[in-house]
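Let me begin by presenting the structure, written as structure tokens, before commenting on it.
The values are calculated or read from the model by the stated rules, or taken from the named source; none is laboratory data. Please read these numbers as outputs of a predicted model, since none were measured by experiment. All Cβ positions, glycine included, derive from the backbone under ideal geometry; neighbour counts span all protein chains shown.
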Amino acid sequence: MWPRDMKAARTRTPRRPVPKKPSNPCVRDPVGVYCRVRPLSRPDQECCIEVIDETTVQIHPPEGYRIFRNGEYRETQYSFKEVFGALVVQKQLFDVVAKPLVEDLIRGRNGLLFTYGVTGSGKTHTMTGSPGDGGLLPRCLDMIFNSIGPFQAKRFVFKLDDKNGVEVQCEVDALLERQKRDAMPIPKTPSGKRQIDPEFADMINVQDHCKVEDVDEDNVYSVFVSYIEIYNNYIYDLLEEAPFEPIKPKPPQSKVLREDQNHNMYVTGCTEVEVKSTEEAFEVFWRGQKKRRIANTQLNRESSRSHSVFMIKLAQAPLDADGDNVLQEKEQITLSQLSLVDLAGSERTNRTKAEGNRLREAGNINQSLMTLRTCLEVLRENQMCGTNKMVPYRDCKLTHLFKNYFDGEGKVRMIVCVNPKAEDYEESLQVMRFAEMAQEVEVARPADRPICALTPGRRFRNQAFREELQRKLEMRGGPINEETEEQAVSELLLQNFPPLPSCELLDINDDQTLPKLIEVLEKRHKIRQLLSEEIAKTVRAFKTALQEFESSVASKENYVQGKLSEKEKTIAGQKMELERLEKKIKTLEYKIHILEKTTTIYEEDKRNLQQELESKSQQLQRQASDKRRMEARLQGMVTETSVKWEKECERRVAAKQLEMQNKLWVKDEKLKQLKAIVAEPKNEKPERPSRVRDREKPVQRSVSPPPAPSAPPVRLRHRRSRSAGERWVDHKPPSNVPTETVMQPQVPHAITVAAASEKALAKCDKYMLTHQELASDGEIETKLIKGDVFKTRGGGQAVQFTEIETLKQESPTGRKRRSSPSNPDQPEDAADSEWTDVETRCSVAVEMRAGSALGPGYQHHAQPKRRKP
Ligand code: ADP
Ligand code: MG
């Protein structure tokens, strides 16, 4: 450390006003809250957050969490200053969120940027990034150095003190410190640059060329970085070089917070490293990151439960009136700060199932974030309601450290990181609520810092002179290296190179010219030798430098080649994957096509079947109605028939009753006659009852003869007596069966024919047809149908049927043979109906004409044909 009373000029930073009274109380900006929704880890994960538009996200409860309020399914929308979806790249985020903070930093204003969200939501990815995809931190550094690169002060010109202030050292002090630093054994590449860890080389290779355009060129700048971690409410310096103790490493010592005279909070004894390039700054960060990892492993800590704060301080001071040196007036020095905070996971304790020590740690983390929340809530209330409640910044280190950002002035931005997976739903909801509340807190906008009163354009005042000098040196061919002594020696030698004196001998005794010449020549020879030695030295140096350069180029080339082949492999792999996927897509498309076709066929089938079904059901309905109608009709018929039969039965019963009464009467009569016979004298002959009294009285006809003991009324079957002159046509159809009855019709002089012929009829006057038919009881019934033959006026013959004689054979068991046309045992009705039938038949004359014949049945009519003359 250098004594403070040396020519260094200490200064108070004018950047931070008294906290309670912001310099610009009228203009306040709300905390800028942005939301970044990371992509899902797997495409099949259930998603509960949707980006609606550039400023809105919608969060909906997943299956398991569905909340019904008043029977309604609740989906909530949250608005932010801007929302970044899964496809948004780091550069876009940087341009919107961090770039303005870097611009502010260079203009001397403070900024605070933090990432908030649960573990795994992408806070670290957003802040630090990953190889090949640098986050906000390397991008901020890159932009800073791109902007101030040519205007940076030499190392150690600015010097931070241990009370959160900055001073400008004089050139000599700075030089001495530089020499001291150079003497330290720091690994260097042959080209003089620090070796870059290839692990993070990719991260800082942002290739953005992003810079602040109107940087004050009359200022000189210096960047300082520090990196701390707040774990379990203790602050640890991640850049502190602890002495190496391999046996029992000392646990890291925590740091305390102090307030400077401007009421700004700072970490006492915190390492602040001056850096001159993005690589250097990121290397410092990486060192801290490594240390953090080691500490986490050694002390069994949970990295997601610590807050990490990377602070970038930018000191700037104007050049003097000549533009050669930095102004040492303390009022002119500005120190601005940008804090990049990667907060601990905001999840609640039960999520990680912490136990024991870890539970306590988690509790503290929770406490930090809870306090942050409470502070913001109180602030908001104070701002909105005009109240003056005390904001509990001091309750935890995190809020205490940043209290001036909220209480004083600055720009505060927060990126709320969310993982849209369903498992994080509840936690994400909490995060959203916090973010919503934070947006309502306002922070005073920093005032513009006063402009240096010196004339602008000082930096380039002596530019022309410097350029001329450079040109001259180049013309002499020497390497342009201000720092090499060799060049100065060469210059000196060249300047001292003696000119040749005149070598003309004017006199033989001239003993001055030659020795003088010899002396000069010797001197020139010496200088020449020195110069050639110098040249040889330079050539050697140049050769080694060239070799080093070549080897470095080769190693770089190797590295690049390796990377290239790696990338090529990746590309080949991706191509194969792409081809595979394309094939799969084709197969699936084909399958879809087939399925669509099948679906169409099935749909067609379905339609047809439906139509069929409809027609069938209609048919069924029709049949059912037909059936109903038929049933009704049958019902009607049944009723009708039963009524008819009832009537018939009644009629028959009445007839039977009459018959029985008749029988009774006959019996009574007979009894009377018997009585009379008994009572009469013996010579008197009994009156025989007539066989048939009256044809119209079938009851009497059917009465069996009275049982007169003297003359029993046996009716003998007898052949009809024929008159002498009668001639018969005996018509026997050939189909007749022999009956083998005892009583055969025997007609003498008859002409027997198989078919009725006109010739036979002309010779005879009687006609008889033997006809057989099957009776209802299955026996053959032979009928002899008789008739008279007449001559018709037309010259033909006609037959008038007159009588039917029936012959019937019966088996002896019960049934009697009936051969008489008038059987008295026959039921009256049957006899009646038979008679009626025969009568009807016989009443029809059959007109026989020439050529016409009677068939085997009853052919009643043969239409007469006109005879030819
Ligand atoms: P946190 O710091 O919030 O715990 P990380 O930043 O470590 O979460 O993210 C967890 C994992 O998710 C990492 O592997 C990271 O690469 C990945 N990830 C996070 N955000 C994104 C993003 N926007 N795009 C791609 N990967 C991401
Ligand atoms: Mg993290």
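Look at region 317-336: where a residue is among the β-branched types (Val, Ile, Thr) and a partner is modelled with pLDDT under 90, sitting 6+ places away or on another chain with Cβ atoms under 6 Å, you get Ile333/Thr11; Thr334/Arg449. Take the conditions over 25 Å from Gln152 (Cα atoms) and either over 45 Å from the mean Cα position of the chain (by Cα) or more than 16 Å from ligand 1 (Cβ to nearest atom) (or both) and apply them to Ile294. Does it pass? When the stated conditions are applied, Ile294 passes them.
Screening Ile230 on (1) within 52 Å of the chain's Cα centre (by Cα); (2) closer than 20 Å to Ala315 by Cβ shows it passes everything except condition (2).
When the residues of region 99-136 are filtered to those that are in contact with a Pro (Cβ under 7 Å, 6 or more places away or on another chain) and in a loop (DSSP other than H, G, I, E, B), the one that is farthest from ligand 1 (Cβ to nearest atom) is Arg109. Within the set Ala541, Ala572, Ala536, the sole residue that is under 30 Å from Pro131 (Cα atoms), modelled with pLDDT of 85 or more and either of a type in the set (Asp, Glu) or in a helix (DSSP H, G or I) (or both) turns out to be Ala572. For region 236-263, the tally of residues that are under 26 Å from Arg139 (Cβ atoms) and in contact (Cβ under 8 Å) with a residue 60 or more places away in the chain stands at 1.
When Glu773 is tested against (1) among the acidic types (Asp, Glu); (2) surrounded by 13 or more Cβ atoms within 10 Å (Cβ to Cβ); (3) modelled with pLDDT under 80, exactly one condition is not met: (2). Only strands (runs of 3 or more DSSP E) whose full extent lies in region 5-56 are considered here, and the ones with at least 2 residues that are over 25 Å from the mean Cα position of the chain (by Cα) and at pLDDT 90 or above are 32-37. Residues in region 100-148 that are on the phi > 0 side of the Ramachandran plot and within 15 Å of ligand 2 (Cβ to nearest atom): Gly117, Gly120, Gly122, Gly129. For Glu103, the conditions (1) surrounded by 24 or more Cβ atoms within 10 Å (Cβ to Cβ); (2) farther than 19 Å from Gln439 by Cα all hold with the exception of (1). Scan region 725-744 for residues that are out of contact with any strand residue (DSSP E or B) (no Cβ under 6 Å at 6 or more places or on another chain) and within 20 Å of Phe801 (Cα to Cα) and the total you get is 3. Here Arg139 fulfils each of the conditions (1) buried (at least 22 other Cβ atoms within 10 Å of the Cβ); (2) within 16 Å of ligand 1 (Cβ to nearest atom); (3) part of a loop (DSSP other than H, G, I, E, B); (4) of a type outside the set (Ser, Thr, Tyr) apart from (3). Would you please list the contacts, defined by Cβ atoms under 8 Å and residues six or more apart or on different chains, that run from a residue in region 289-305 that is in contact (Cβ under 8 Å) with a residue 40 or more places away in the chain and of a type outside the set (Asp, Glu) to a residue that is within 11 Å of ligand 2 (Cβ to nearest atom) and part of a helix (DSSP H, G or I)? Every condition considered, the pairs that remain are Arg292/Ser303. Could you tell me which numbered condition Gln92 fails, if it satisfies all but one of (1) touching a Pro at 6+ places or on another chain (Cβ under 7 Å); (2) more than 28 Å from Glu377 (Cα to Cα)? Among (1) touching a Pro at 6+ places or on another chain (Cβ under 7 Å); (2) more than 28 Å from Glu377 (Cα to Cα), the lone unmet condition for Gln92 is (1). Hey, does region 167-188 have a residue that's away from ligand 2 (no atom under 16 Å from the Cβ), at pLDDT 90 or above and either touching a Lys or Arg at 6+ places or on another chain (Cβ under 7 Å) or not in a strand (DSSP E or B) (or both)? Looking through region 167-188, at least one residue is away from ligand 2 (no atom under 16 Å from the Cβ), at pLDDT 90 or above and either touching a Lys or Arg at 6+ places or on another chain (Cβ under 7 Å) or not in a strand (DSSP E or B) (or both). Kindly indicate whether any position in region 71-82 is more than 16 Å from ligand 1 (Cβ to nearest atom) and closer than 19 Å to Gln289 by Cβ. For region 71-82, residues more than 16 Å from ligand 1 (Cβ to nearest atom) and closer than 19 Å to Gln289 by Cβ: absent.
Whether a residue is buried (at least 19 other Cβ atoms within 10 Å of the Cβ), more than 16 Å from ligand 2 (Cβ to nearest atom), of a type in the set (Val, Ile, Thr) and modelled with pLDDT of 90 or more was assessed, and Val96 does not pass this test. Scanning region 317-349 for residues that are within 16 Å of ligand 2 (Cβ to nearest atom) and in a strand (DSSP E or B) turns up Leu340, Val341, Asp342.
Checking every residue in region 338-347 against the condition of being more than 16 Å from ligand 1 (Cβ to nearest atom) and either of a type in the set (Phe, Trp, Tyr) or surrounded by 23 or more Cβ atoms within 10 Å (Cβ to Cβ) (or both) gives at least one match.
For region 666-683, the candidate set comprises residues that are exposed (fewer than 10 other Cβ atoms within 10 Å of the Cβ) and part of a helix (DSSP H, G or I); within that set, the residue that is modelled with the highest pLDDT is Val678. In region 383-424, the qualifying residues are those that are within 16 Å of ligand 2 (Cβ to nearest atom) and outside any strand (DSSP E or B), and the one that is nearest to Tyr236 (Cα to Cα) is Leu398. Taking (1) within 16 Å of ligand 1 (Cβ to nearest atom); (2) in a strand (DSSP E or B) in turn, Lys313 satisfies each apart from (1).
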